[in-house]
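**Q** One structure coming up, written as structure tokens, with questions to follow.
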Amino acid sequence: MARVAGRFTRVEPRRRARAFVLGLLSDLPRKNCWTIAEHAGDAGPAGMRHLLRKAVWDADAVRDDIRAVAVERLGVAEAILVVDETGDVKKGVHTVGVRRQYTGTAGRIENAQVGVFLTYTTTVGHTLIDRELYLPASWTDDPDRCAAAGVPEDTGFATKTELARRMLVRALDGGAAAAWVAGDEVYGAASALRTMLESRGVGYVLAVACDHRVTTAAGSHRVDAMVARLPKRAWQRLSGGAGAKGHRFHDWAWITVTAPDDAPPGHRWLLVRRNRRTGELAFYRCYSRSVVALSALVRVAGRRWTIEEAFQTSKGQTGLDEHQVRTWTSWHRWTTLVLLAHLFLAITTAAERAVPAPAGLIPLTLNEIRHLFIRLVIKHVDRPRDCLHWSWWRRRHQYRAQQAHYQRQVDQEP
């Protein structure tokens, strides 16, 4: 918290932000302004809501501090930036950015809010370092709706790949000296994003769909059609990294891709992964300023899973998807504080793993680090039982429980 203290103009919001982060790190079964306020010893959620809505502090500057601390504590050894989006299923139509759209969280089209995130990953650890809220065209085409949700007037429609490009530029310009970028098919299909990375000399391994077309010395072809022509000797068995059950071995092959004459200098490939059991194929567009080995591309492709793990831990451990905020400013502030809480767990886990585990024990995980932090460090505010009993949050839920009890009794009467 000392690293971000200067982003708060007054001591009161700074202290409240610390209490908010402790609430995100706590073992509350549900995290929102009501429960976090009660955890901090407040009688109601007004203070926490003010922190997210109107208090004077710079969430974007805190985001930059998060990136700086991540680079400092996780190092730059084999640093990779991974971009991906995640959705939160929401009800109603007033929450900023919400609409019926596909979200991988539900695996189908739902009424959801989607954010694009950036993860910084090294051999030491990984954590989320940036975020952008995706606003569908139905929002940006409706100025009144945007104004009601507090969206800045100069905010126009931007695709997910454009949001990813903004975050990558911020990270690279801000000192996150990553040699590689990884992402899924949404970002691999964006030629503008690939060109930007090539112009900066940053390598990438970006997934593409089976109907994606590339140009080789033999002409332009669909990537799945090119695989059928590969000889058996073209495939190599390599590990994409260690998983929960050991190394993840697949068959890999690569094909040299040609580029336009005005393209930045470098080397380009189509990378293909084949499941050794099912034969399922996956395809990647790859670039590097210098020649690299196939194993280097495989290593980058295998590290894309780190952002999925970051989503899982930030939602399961620090409440990324549990917010009940509706406005633009509140979403960015909630998400920034979640990133700060997740950063703390990530760098604490990395520091703990730097010390060899005792014989017979496995290294501590991020989840276990949080559990130990709760048990050993977090101190609940001492308060009389009556304060808990008569807080606004408890009174509201107690009233609802009583009303439901009375209704059941009425329903059971003959």
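**Q** Name the strands (runs of 3 or more DSSP E) wholly inside segment 189-296 in which the number of residues that are touching a residue at least 60 places away in the same chain (Cβ under 8 Å) and over 19 Å from ALA179 (Cα atoms) is 2 or more.
**A** Qualifying strands (runs of 3 or more DSSP E): 236-243, 281-288.
**Q** Just to be sure, is VAL124 closer than 23 Å to ARG370 by Cα, crowded, with 17+ Cβ neighbours inside 10 Å and among the hydrophobic types (A, V, I, L, M, F, W, C)?
**A** The answer is yes for VAL124.
**Q** The conditions are (1) among the aliphatic types (A, V, I, L, M); (2) touching a strand residue (DSSP E or B) at 6+ places or on another chain (Cβ under 8 Å); (3) closer than 23 Å to VAL83 by Cβ, and ALA263 fails exactly one of them. Which is it?
**A** So the condition that ALA263 fails would be (2).
**Q** Look through segment 33-52, keep the residues that are farther than 20 Å from MET1 by Cα and assigned to a helix (DSSP H, G or I), and return whichever of them is most open to solvent (accessible area, probe 1.4 Å).
**A** In the first step, residues of segment 33-52 are kept if they are farther than 20 Å from MET1 by Cα; the result is 34-35, 38, 42-46.
Next, from what is left, pick out any that are assigned to a helix (DSSP H, G or I): 34-35, 38, 46.
On the way: TRP34: 40, THR35: 13, GLU38: 22, ALA46: 63 Å².
Once the filter is applied, the top-ranked residue is ALA46.
**Q** Given segment 309-414, what helices (runs of 4 or more DSSP H) lie entirely inside it while holding 1 or more residues that are at pLDDT 95 or above? Steps first, answer last, please.
**A** Values: elements: 328-353, 366-376, 385-389, 392-412.
In segment 309-414, the matching helices (runs of 4 or more DSSP H) lie at 328-353.
**Q** Which residue pairs have Cβ atoms under 7 Å apart, sit 6 or more places apart or on different chains, and have a first residue in segment 1-17 that is under 13 Å from ALA59 (Cβ atoms) and open to solvent by 50 Å² or more (accessible area, probe 1.4 Å) and a second that is among the aliphatic types (A, V, I, L, M) and part of a helix (DSSP H, G or I)?
**A** Every condition considered, the pairs that remain are ARG7/ALA61; ARG7/VAL62.
**Q** Ok, one more. Looking at VAL96, VAL151, VAL69 in this structure, which one is over 23 Å from LEU197 (Cβ atoms), assigned to a helix (DSSP H, G or I) and touching a residue at least 40 places away in the same chain (Cβ under 8 Å)?
**A** Result of the check over VAL96, VAL151, VAL69: VAL69.
**Q** Within segment 104-119, can one find any residue that is in contact with a Ser or Thr (Cβ under 7 Å, 6 or more places away or on another chain), over 30 Å from ALA68 (Cα atoms), open to solvent by 30 Å² or more (accessible area, probe 1.4 Å) and modelled with pLDDT under 95?
**A** So far as segment 104-119 goes, yes, one or more of its residues are in contact with a Ser or Thr (Cβ under 7 Å, 6 or more places away or on another chain), over 30 Å from ALA68 (Cα atoms), open to solvent by 30 Å² or more (accessible area, probe 1.4 Å) and modelled with pLDDT under 95.
**Q** Among the residues of segment 214-258 satisfying the criterion of being among the hydroxyl-bearing types (Ser, Thr, Tyr) and more than 20 Å from SER295 (Cβ to Cβ), which is least open to solvent (accessible area, probe 1.4 Å)?
**A** That would be THR216.
**Q** Right, something else. Select from segment 85-103 the residues that are under 23 Å from LEU168 (Cα atoms) and either among the hydrophobic types (A, V, I, L, M, F, W, C) or open to solvent by less than 10 Å² (accessible area, probe 1.4 Å) (or both) and write down the one among them that is modelled with the lowest pLDDT.
**A** Here the residue is THR103.
**Q** Scan segment 167-188 for residues that are among the aliphatic types (A, V, I, L, M), part of a helix (DSSP H, G or I) and under 22 Å from VAL292 (Cβ atoms) and jot them down.
**A** LEU168, ALA171, LEU172
**Q** Sticking with this one: Return the residues of segment 23-32 that are open to solvent by less than 10 Å² (accessible area, probe 1.4 Å) and either at pLDDT below 95 or under 18 Å from SER330 (Cα atoms) (or both); say none if nothing qualifies.
**A** Listed by number, the residues that qualify are GLY23, LEU24, SER26, LYS31.
**Q** I need the full set of residues from segment 99-113 which are part of a strand (DSSP E or B) and among the polar types (S, T, N, Q), in order please.
**A** Across segment 99-113, the qualifying residues are GLN101, THR103, ASN111, GLN113.
The values are calculated or read from the model by the stated rules, or taken from the named source; none is laboratory data. These figures come from a predicted structure and were not determined experimentally. When we count neighbours, we look across all protein chains shown, and the Cβ atoms used for this are built from the backbone with ideal geometry, even at glycine. Ligands, DNA and RNA are stripped out before the accessible areas are found, and what is left, the full protein with its side chains, is counted by its heavy atoms. Shrake-Rupley method; radii C 1.70, N 1.55, O 1.52, S 1.80 Å.
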